[in-house]
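These notes concern the structure reproduced below.
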């Protein structure tokens, strides 16, 4: 069995592949794979002509981020100890994969880890997706060291440590391959967004640790697939957040969080309506409707598997109170 495979999921990402694959090839010591989600652009031709050393898995249709990885990684089952799941819009640094694998080998009780992720457009700033390590607040809202809501901090080395976190970013995540398959990978119901947080929560409920390694740094474009300000992303985040809490927390905790989130998010929907942004209000309502009445939610992944209800590794936080009322928008102020 080989040590590690770097696996990039692609859908119509020819521009990103041409821009960022060269750094992955130059600075990586692991095998490199691209899973293609039935792209209709020139992605396959570009890979075959310009990057012949990259190994390709072609899927018959666009399965989305979550199921695309699940389908593609089935081809690699039992071939590697670790997968590094890497977005196509990430620029890496020398020996980044070797350093992540070395850290993982030295900390075998960690199921998944992420590096420090900064913005490619503005490298002195943290990136939205993962930043300096991911946490979950008391109501299930994700946040990061270096990024709370849309507030992104400057990186001046304050998060160059290695710590225990709640979740590792899907933009760049090393995960034990066997565990990925044991837990049936990402929940395909999510399609995209928050699927890595759900997977990390399931791993923590099994007693595994999730880590952040700040001595390794990558640069992420972010928003290359779906804008952070799109109604579609808001819908997915609303629906997937409810699904994630329902699956991974106790039923009583879920009911309490559902009621609190419903009140807060309906207030947000009213605010969108008053500002004339009815598409965002509709996205919130649709998120609740789809969660409550969709039959496609994979109930099989709900824990009977909950050996423990994993508590957050971060301090108890109500982000909406801290940021909206107390105006605390930096991690160190929480």
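The values are calculated or read from the model by the stated rules, or taken from the named source; none is laboratory data. As the structure is a computational prediction, the values presented were derived from the model and not from experiment. Don't worry about glycine lacking a Cβ; one is built from the backbone with ideal geometry, like all the others, and counts go over all protein chains shown.
Structure values in brief
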| item | result |
| --- | --- |
| The one condition in (1) modelled with pLDDT of 95 or more; (2) surrounded by 20 or more Cβ atoms within 10 Å (Cβ to Cβ); (3) more than 22 Å from residue 74 (Cβ to Cβ) that residue 148 fails to fulfil | (1) |
| Residue ranges of helices (runs of 4 or more DSSP H) in the stretch 184-277 with at least 1 members touching a helix residue (DSSP H, G or I) at 6+ places or on another chain (Cβ under 8 Å) and not assigned by TED's automatic domain parsing to the domain that holds residue 170 | 231-248, 251-274 |
| Candidates 101, 118 - the one that is over 19 Å from residue 313 (Cα atoms), in contact (Cβ under 8 Å) with a residue 60 or more places away in the chain and within 16 Å of the chain's Cα centre (by Cα) | 118 |
| Members of the stretch 220-235 found to be surrounded by fewer than 23 Cβ atoms within 10 Å (Cβ to Cβ), at pLDDT 90 or above and either within 15 Å of the chain's Cα centre (by Cα) or on the phi > 0 side of the Ramachandran plot (or both), listed by number | 221, 233 |
| Qualifying positions in the stretch 173-203 - under 21 Å from residue 75 (Cβ atoms) and touching a strand residue (DSSP E or B) at 6+ places or on another chain (Cβ under 7 Å) | 173, 174, 175, 176, 177, 179, 180, 196 |
| Qualifying residue in the stretch 19-31 (condition: at pLDDT 95 or above and assigned to a strand (DSSP E or B)) | yes |
| Residue 12 being without any contact (Cβ under 8 Å) to a residue 40 or more places away in the chain, out of contact with any helix residue (DSSP H, G or I) (no Cβ under 6 Å at 6 or more places or on another chain) and over 14 Å from residue 83 (Cα atoms) | yes |
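Residues are listed down the side, and each one gets a yes or a no for (1) modelled with pLDDT under 65; (2) under 21 Å from the mean Cα position of the chain (by Cα):
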{"position": "248", "(1), (2)": "no, yes"}
{"position": "253", "(1), (2)": "no, no"}
{"position": "262", "(1), (2)": "no, no"}
{"position": "269", "(1), (2)": "no, no"}
{"position": "278", "(1), (2)": "no, no"}
{"position": "289", "(1), (2)": "no, no"}
{"position": "293", "(1), (2)": "no, no"}
{"position": "298", "(1), (2)": "yes, yes"}
{"position": "304", "(1), (2)": "yes, no"}
